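Below you'll find the structure, written out as structure tokens, and then a few comments.
The values are calculated or read from the model by the stated rules, or taken from the named source; none is laboratory data. Keep in mind that this is a model prediction, so the values were computed, not measured. Note: ideal-geometry Cβ built from the backbone for every residue, glycine included; neighbour counts use all protein chains shown.
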Amino acid sequence: MADDPLSAALEQVGERAQAATPGPWEAEENEDCWELYGAVRPMLHPLKLIKAPKHGTPYAEYWPLPNDADFIAHARTDVPRLLAAFRVLVVFHAQYMTTEEYAKILAALTGEGAPGG
């Protein structure tokens, strides 16, 4: 475990992510239920993580594995922590990048392709 609180928190986030079912994950909704699938890969049957009927049944038909449940339960706090750490790094590194380098990184993160490329 890391010595400083930020590193320790980020290490815990990483451990939860590593222990959860591999991604990508996909959610599907229809008239009757919500379903969450993990380990979604082309040409392979995805792993159903959760199936929760919308009406008629007061309980979920599939429950997530303990590590997936832990990952899901912490997502609401883990994602803001990761975003805050990322923002600090972006501001710090932006001071040392050219405009072109920054644009390339921004394009890679947003999936919009580098300007002029």
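Exactly one of these conditions fails for Ala60: (1) touching an Asp or Glu at 6+ places or on another chain (Cβ under 9 Å); (2) modelled with pLDDT under 80; (3) surrounded by 13 or more Cβ atoms within 10 Å (Cβ to Cβ); (4) not assigned by TED's automatic domain parsing to the domain that holds Ser7. Give me its number.
(1)
Based on this model, can you work out whether Ala85 counts as of a type in the set (Gly, Ala, Ser), touching a strand residue (DSSP E or B) at 6+ places or on another chain (Cβ under 8 Å) and surrounded by 14 or more Cβ atoms within 10 Å (Cβ to Cβ)?
It is false that Ala85 is of a type in the set (Gly, Ala, Ser), touching a strand residue (DSSP E or B) at 6+ places or on another chain (Cβ under 8 Å) and surrounded by 14 or more Cβ atoms within 10 Å (Cβ to Cβ).
For segment 57-87, give me each residue that is of a type in the set (Phe, Trp, Tyr) and over 17 Å from the mean Cα position of the chain (by Cα). It would help to see each step written out before you state the result.
From segment 57-87, those of a type in the set (Phe, Trp, Tyr) are 59, 62-63, 71, 86; that's our starting set.
Result: Tyr59, Tyr62, Trp63.
Answer with yes or no whether Asp68 is surrounded by 11 or more Cβ atoms within 10 Å (Cβ to Cβ), at negative phi, at pLDDT 85 or above and touching a strand residue (DSSP E or B) at 6+ places or on another chain (Cβ under 6 Å). Break it down into steps so the answer makes sense when it comes.
Values: surrounded by 11 or more Cβ atoms within 10 Å (Cβ to Cβ): yes; at negative phi: yes; at pLDDT 85 or above: yes; touching a strand residue (DSSP E or B) at 6+ places or on another chain (Cβ under 6 Å): yes.
The answer is yes for Asp68.
In segment 1-16, what residues are surrounded by 16 or more Cβ atoms within 10 Å (Cβ to Cβ) and under 14 Å from Asp68 (Cα atoms)?
First pass over segment 1-16, keeping only residues surrounded by 16 or more Cβ atoms within 10 Å (Cβ to Cβ): 9-10, 13, 16.
Hits for segment 1-16 are Val13, Arg16.
Determine whether segment 31-48 contains at least one residue that is assigned by TED's automatic domain parsing to the domain that holds Ser7, among the small types (Gly, Ala, Ser), under 30 Å from Ala8 (Cα atoms) and not in a loop (DSSP other than H, G, I, E, B).
Let us first name the residues in segment 31-48 that are assigned by TED's automatic domain parsing to the domain that holds Ser7, namely none.
No, segment 31-48 contains no residue that is assigned by TED's automatic domain parsing to the domain that holds Ser7, among the small types (Gly, Ala, Ser), under 30 Å from Ala8 (Cα atoms) and not in a loop (DSSP other than H, G, I, E, B).
For a quick check of your reading of the model, give me the residue pairs whose first member lies in segment 74-99 and is in the same structural domain as Glu15 (by TED's automatic domain parsing), whose second is basic (Lys, Arg), with beta-carbon atoms closer than 8 Å and at least 6 apart or on different chains.
His74/Arg16; Asp78/Arg16
Mind checking which residues of segment 49-74 are touching a Ser or Thr at 6+ places or on another chain (Cβ under 9 Å) and in a strand (DSSP E or B)?
Residues of segment 49-74 touching a Ser or Thr at 6+ places or on another chain (Cβ under 9 Å): 49, 64-65, 67-68, 71.
Leu49, the sole residue that qualifies.
So, in segment 88-112, how many residues would count as being more than 29 Å from Pro5 (Cα to Cα), of a type outside the set (Asp, Glu), under 22 Å from the mean Cα position of the chain (by Cα) and surrounded by fewer than 11 Cβ atoms within 10 Å (Cβ to Cβ)?
2
So, Arg87, is that one in a loop (DSSP other than H, G, I, E, B) and not β-branched (Val, Ile, Thr) or not? Don't jump to the end; show me each part of the working.
On the way: in a loop (DSSP other than H, G, I, E, B): no; not β-branched (Val, Ile, Thr): yes.
Taking the combined requirement at face value, the residue does not satisfy it.
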